[in-house]
Amino acid sequence: MIQFTPYIVLLPFLGFLINGLLGKKINSEKLSGLIGSGAVGLSFLIALSILLEMLKSPVEERTHIVTIFQWIVAGSLDVAAAYQIDQLSILMTLVVTGVGFLIHVYSIGYMHGDKGFWRFFAYLNLFIFMMLNLVLANNFLLMFLGWEGVGLCSYLLIGFWHDKKFDTGGYKPGEATTSDAAKKAFVVNRIGDFGFLIAMFLIFNLFGSLTFEDVFSRASAIIPIGDETMFWITLLLFLGATGKSAQIPLFVWLPDAMAGPTPVSALIHAATMVTAGVYMVARCSILYALAPASMEIVAIIGIATAFFAATMGLVQNDIKKILAYSTISQLGYMFLGLGVGAFASGIFHVMTHAFFKALLFLGAGAVIHAMHEEQDIQKMGGLKSKMPTTYKTFFVAALAIAGIPPLSGFFSKDEILWKAFSQGSYLFWILGWITAGLTAFYMFRLVSLTFEGKERWSHEKHPHEAPKVMTIPLIILAILSIIGGFVGIPHALGGGNAIEQWLEPIFARANLHLVSGHHGSLTAEYLLMILSVLVGVVGIYFARKLYLEKPELVEKFSASFRSIHKLLWNKYFVDEVYDAAVVTPIVKGSDKLLWKGFDVKIIDGIVNGSAKVTAWISSWMRKIQFGAVQNYAMVFVVGIIVILGILIFR
Amino acid sequence: MSNLLTYIIFLPLVGGILIFFYNREKIRAIKVFGIAISVLTFILSLFLYFGFDAANPGIQFQHKVLWISGLNISYNVGVDGLSLLLVMLTTFLTPIALLSSWKSIEKRVKEYTIMMLFLEVGMLGVFSSLDMFLFYIFWEAMLIPMYFIIGIWGGGNRIYAAIKFFIYTMFGSLLMLIAIIWLGYYASTQPNGQFTTDLLQLYSIGPTIPLAIQSWMFLAFTLSFAIKVPLFPFHTWLPDAHVEAPTAGSVILAGVLLKMGTYGLLRFSIPLFPQATLEFMPYIAGLAVIGIIYGALVSMVQTDIKKLVAYSSVSHLGFVVLGIFALTEEGIQGAIIQMVNHGLSTGALFLIVGMIYERRHTREISEFGGLAKVMPIFSTIFMIVSLSSIGLPGLNGFIGEFLILLGAFRSPYMSQWFTIFAATGVIFAAVYLLWVYQRVIFGNITNPLNQNLLDLSKREIAVLVPVLVFIVWIGIYPNTFLKQSASTTKQIVTIATQKPLPRLVTTEQSVKPENTQGK
């Protein structure tokens, strides 16, 4: 099946071409939806059969390179369009195409009646194509193609309804549209991509290749731990990751990205694209292992993002924004995992998070649809009887993200926290533990305000359950959210941690260089597990108590902590600070200083000034002037000939 | 076939002369004839392209006839991997430019078509001259049709723009002329030497010039080319010229004319004066980096779309100059492909601006908004071209920018900070292009005048699609074009970075090209 690898990537591209070029002519939602979902579904099936084949083959024969063509050859650079199938990339491929397929199917229902239906599916397929390039590439440059490509698709899809007003909650109040959010996403991502680009140059300089295998094997063989260039390479790559995966300081685009249609939020801004940074760092695990300082930074940024994003999620009222902050927060966990050297756990959390976060967003989409595009949870409530399937599946996902066993989120998150603890990073563990409590709290605040309690919406709305094409994906994702963690049951609970074993060969080189400390005993592991379950339960309990039974207390709390509430409500004013410190000075400076000042006044001043002097001189030389440029040119040519004549006959 | 190149260069001249005999009322016939001639030129140039041997770094399709015997000046043309792609770009863009002005040019169509064809002759001549005197004639001759195209068919402030363009470039070329004559004279002072303007001979003489004099020569040539590029801070003629020029004029100006500057740097400045090149490289690369950022920032705040695209050229050409002066294979290969890329994407951007200008007779960004609703095909093409200009991987712009930045980063001659600063230009490009795109295309239609705009006609689509094909082609499979310039690039790098040769050896070498001329 390996030889079919290119089709995994090409099928969605084909779908993009068909829907993009002919979609308008086809003019059939059924057909467009079928082509779009079918392409991704087939890719999934191919990937699945490759996985089955890999499972049968011995460990050392599980990596395959499939070269399609030579892409760029210039000087010493020789980069191929080639794909690498191995334990890590196949796992990511399955998540991307699997969850992607479900979201495509869901979109058939969600986008029903939209005049850009075919365009939407074309973009979604293009996104899958780019994402697959990102995860399957066997070199940095092709990965970068996917990396920037998913950024483009994100741009196209956030701004899909480009005329729609969008409340940014900050800049441009009242007049921003979704296209502002789209542009912001692209530009902020580009800042990260800048880091990726420079990192590639450094890598090429150091290793003379951009192919993963070359780079990683050479790095492992010749680079000493703590090498300075390696520090910069990994730090710059991580800058790229903070852009794509919405970490401090480049997380600001993700909450705004919620301007796009909800399936997009589910697919791109939760389940797949934003995990690209995590995947990339995991892919480069050996490079990070050689740069302990970078690992430290990754872990710090990760846990800080996890914590701060969770606090911001506490007070938001937009159903999608809450989920956006929870995504940022969960991605923070993943980076914490990578930073403490638990690469497999980071990837494990990528997978489980894809299940329950896609589910949460799709559920939110069903709610938004039912509420006639209302996104404010303060104006919802009591929906559980109207939308039982959505409620039940959403509830499952909320339990999963809150880390309640035996749901998937429990295993993956706990794995990360345990690894952090056992490396001796107790502070990371404490912050992660608090964040887990906050997560449980804001998720169940969301569940309570949306589905339970009193109905706070006008009765002209008649919310009803979504059609089957939307609820079936919800149910499948709910099942995955429940059982998805079983592939990573830790040894302490009698599991085999199959996923860690599966990924072991990928991270073998890195693990060789990592100092693996084991500061924790089995008793400690059990204790921490109990503690983290406990904090989740407490979070859930308080959320339900407050928002279902004592809503008046909420008012009281926010009144007595007004300044903190304001700070959180305004997301620490990060957008405003960036705007004042970066955006405005650059725009104003370019306009007033560079263009109207330097260009027009100084340079053109000199040019026109010297022209005036010339004009003044020539005003009394006018007698020998003809006044037409073609004559000047003639004189010019004659002049040349005269000079040359002098040279010949001198 | 040995005269193929000459046929290609002068076919448009013949065509232009034939148009003189047309009745000026027969506008349609003149237009069709003009386009037919330029298409024929393109077809002829395809023979050049497919007959070209990429493995050979030297001059091919050489055609040499002695012209002024006393001065040893000859009509001497030929192409190598450097000029081939630019010749192709010229023959490719000229028919597109002519087709794009099918409707927009209404007055003096006869003269206009003649001027465009004459312009093509000048450009082709510049890219294939192997004699410096001949080069200079073409270089100057090309100014005249361009001057008229801006001055007659331009916008409101066209006279100011045309004169500014003319004076600026004239100033530069004067210095170059002096340098050319001095070079020829220097050749005659060599043992057994005589006055010559033969570039291939001068290639072996130039590097032997003492550094102090070489520096002056280098500066004279390079200033002339820097104005043409235009390199910051010699760029202020460009926005004016572009804003006033008719669409086709802008397409040719940005697409081809600017490349004459960067071509000149690679053809003359560097191989003729390698030691001086190394001496001045940091300064020129520095100006290029400033230009990249400055051009992008100033572009960002423009209110006129055409001016925005014009300033973006300053930024893009900054990349090309940086790649050239990296003096590495990756950098120069990138610069060459980026010249082509810029011709395609900026050419297309000017076509796009022209298309909405024809509909609304304004280029103010604030006059537009929401065009996606009425012009979906236009919006899609505009998007693709913008992405190409932004340097999105998978499209052509990325290939050039990546190779340039990689080459500059690897260059042993410049600090890596140059590349790091230059790479920020990639971020700003996204800002200014996506911002203008957003303001023109996205949102609701706020101006009622835009309510009934028609989407692109079949002719307009036909103008843009060929460009799109190459935008995608170069992005996905750039090797088709990279391999053509590979061996010549290698040679330029070798020449530029070799140690100065003892004089005796050089004189022996200088005889060599003469021996091979008989072939």
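Scan segment A:108-123 and give yes if some residue there is over 26 Å from A:W161 (Cβ atoms) and away from chain B (no Cβ under 14 Å), otherwise no. Scanning segment A:108-123, I find no residue that is over 26 Å from A:W161 (Cβ atoms) and away from chain B (no Cβ under 14 Å), so the answer is no.
Looking across A:T389, A:T393, one residue alone is surrounded by fewer than 21 Cβ atoms within 10 Å (Cβ to Cβ), under 22 Å from A:P261 (Cβ atoms) and of a type outside the set (D, E, K, R). It is A:T389. Residues of segment B:121-151 that are within 12 Å of another protein chain (Cβ to nearest Cβ) and within 21 Å of B:G354 (Cα to Cα): B:P145, B:M146, B:Y147, B:F148, B:I150, B:G151. Among the residues of segment B:354-367, those identified as of a type outside the set (D, E) and either open to solvent by 10 Å² or more (accessible area, probe 1.4 Å) or out of contact with any Lys or Arg (no Cβ under 7 Å at 6 or more places or on another chain) (or both) are B:G354, B:M355, B:I356, B:Y357, B:R359, B:R360, B:H361, B:T362, B:R363, B:S366.
For B:Y432, the conditions (1) buried (at least 23 other Cβ atoms within 10 Å of the Cβ); (2) at the interface with chain A (Cβ under 9 Å from one of its Cβ atoms) all hold with the exception of (2). Somewhere in segment A:448-465, is a residue open to solvent by 10 Å² or more (accessible area, probe 1.4 Å), part of a helix (DSSP H, G or I), on the phi < 0 side of the Ramachandran plot and not aliphatic (A, V, I, L, M)? Scanning segment A:448-465, I find no residue that is open to solvent by 10 Å² or more (accessible area, probe 1.4 Å), part of a helix (DSSP H, G or I), on the phi < 0 side of the Ramachandran plot and not aliphatic (A, V, I, L, M), so the answer is no. Residues in segment A:360-380 that are surrounded by 24 or more Cβ atoms within 10 Å (Cβ to Cβ) and outside any helix (DSSP H, G or I): A:M380 alone. Taken across segment B:341-361, residues that are among the basic types (K, R), more than 14 Å from every other protein chain (Cβ to nearest Cβ) and not in a helix (DSSP H, G or I) do not occur at all. Pairs are defined by a Cβ separation below 7 Å, a sequence spacing of at least 6 or placement on different chains, a first member in segment A:590-601 that is facing chain B (nearest Cβ under 8 Å), and a second member that is of a type in the set (S, T, N, Q); the pairs so defined are A:D599/B:T236. Of all residue pairs spaced 6 or more apart or on separate chains, those with beta-carbon atoms under 6 Å, a first member in segment B:260-286 that is within 19 Å of B:A422 (Cβ to Cβ) and among the small types (G, A, S) and a second member that is open to solvent by less than 10 Å² (accessible area, probe 1.4 Å) and assigned to a helix (DSSP H, G or I) are B:G261/B:F225; B:G261/B:K228; B:A285/B:L322; B:A285/B:F325. Those helices (runs of 4 or more DSSP H) of segment A:218-337 in which at least 1 residues are closer than 22 Å to A:I564 by Cα and in contact with a Lys or Arg (Cβ under 9 Å, 6 or more places away or on another chain), considering only elements entirely within it, cover A:253-256, A:292-313.
Remark: A:A199 matches the filter, which requires a residue to be open to solvent by less than 10 Å² (accessible area, probe 1.4 Å), at pLDDT 85 or above and either among the aliphatic types (A, V, I, L, M) or in the same structural domain as A:D318 (by TED's automatic domain parsing) (or both).
Among the residues that make up segment B:157-169, is at least one of them surrounded by fewer than 22 Cβ atoms within 10 Å (Cβ to Cβ), in a loop (DSSP other than H, G, I, E, B) and not β-branched (V, I, T)? Scanning segment B:157-169 turns up at least one residue that is surrounded by fewer than 22 Cβ atoms within 10 Å (Cβ to Cβ), in a loop (DSSP other than H, G, I, E, B) and not β-branched (V, I, T). Hey, any hits in segment B:307-328 for a residue that's open to solvent by 10 Å² or more (accessible area, probe 1.4 Å) and over 30 Å from B:V493 (Cα atoms)? Scanning segment B:307-328, I find at least one residue that is open to solvent by 10 Å² or more (accessible area, probe 1.4 Å) and over 30 Å from B:V493 (Cα atoms), so the answer is yes. Among the residues making up segment A:39-75, those that are open to solvent by less than 60 Å² (accessible area, probe 1.4 Å) and either within 14 Å of another protein chain (Cβ to nearest Cβ) or small (G, A, S) (or both) are A:A39, A:G41, A:S43, A:A47, A:S49, A:S57, A:W71, A:I72, A:V73, A:A74, A:G75. Screening B:Q451 against (1) buried (at least 23 other Cβ atoms within 10 Å of the Cβ); (2) at pLDDT below 90; (3) not small (G, A, S) leaves a single unmet condition, (1). Each residue in segment A:557-589 was checked for being surrounded by 13 or more Cβ atoms within 10 Å (Cβ to Cβ) and at the interface with chain B (Cβ under 9 Å from one of its Cβ atoms), and 3 of them qualify. When B:A29, B:A54, B:A36 are checked against the criterion of being touching a residue at least 60 places away in the same chain (Cβ under 8 Å) and open to solvent by 20 Å² or more (accessible area, probe 1.4 Å), B:A54 stands alone in meeting it. Given the structure, is A:S154 open to solvent by 10 Å² or more (accessible area, probe 1.4 Å), within 14 Å of another protein chain (Cβ to nearest Cβ) and of a type in the set (S, T, N, Q)? For A:S154, the condition - open to solvent by 10 Å² or more (accessible area, probe 1.4 Å), within 14 Å of another protein chain (Cβ to nearest Cβ) and of a type in the set (S, T, N, Q) - is not met.
B:I292 meets the conditions (1) within 14 Å of chain A (Cβ to nearest Cβ); (2) within 25 Å of B:T480 (Cβ to Cβ) in every case but one. The failed one is (2). For B:Y437, are the conditions met, namely being crowded, with 24+ Cβ neighbours inside 10 Å, within 11 Å of chain A (Cβ to nearest Cβ) and more than 19 Å from the chain's Cα centre (by Cα)? Here the answer is no, as B:Y437 does not meet what is asked.
Taking the criterion of being touching a residue at least 24 places away in the same chain (Cβ under 8 Å) and not small (G, A, S), the residues of segment A:552-572 that qualify are A:H565, A:L568, A:W569, A:N570, A:K571, A:Y572.
What tally of residues in segment B:451-499 results from selecting those that are farther than 19 Å from B:R410 by Cβ and either of a type in the set (F, W, Y) or touching a residue at least 60 places away in the same chain (Cβ under 8 Å) (or both)?
Count: 28.
The set of residues in segment A:81-135 being charged (D, E, K, R) and open to solvent by less than 10 Å² (accessible area, probe 1.4 Å) consists of A:D86 alone. Within segment B:414-428, if we keep just the residues that are of a type in the set (A, V, I, L, M, F, W, C) and within 7 Å of chain A (Cβ to nearest Cβ), the residue that is most open to solvent (accessible area, probe 1.4 Å) turns out to be B:I420.
The values are calculated or read from the model by the stated rules, or taken from the named source; none is laboratory data. Since we're looking at a predicted model, the values are computed, not measured. Using ideal geometry, Cβ is built from the backbone for each residue, glycine included, and neighbour counts are taken over all protein chains shown. With ligands, DNA and RNA removed, areas are computed over all heavy atoms of the protein, side chains included. Shrake-Rupley method; radii C 1.70, N 1.55, O 1.52, S 1.80 Å.
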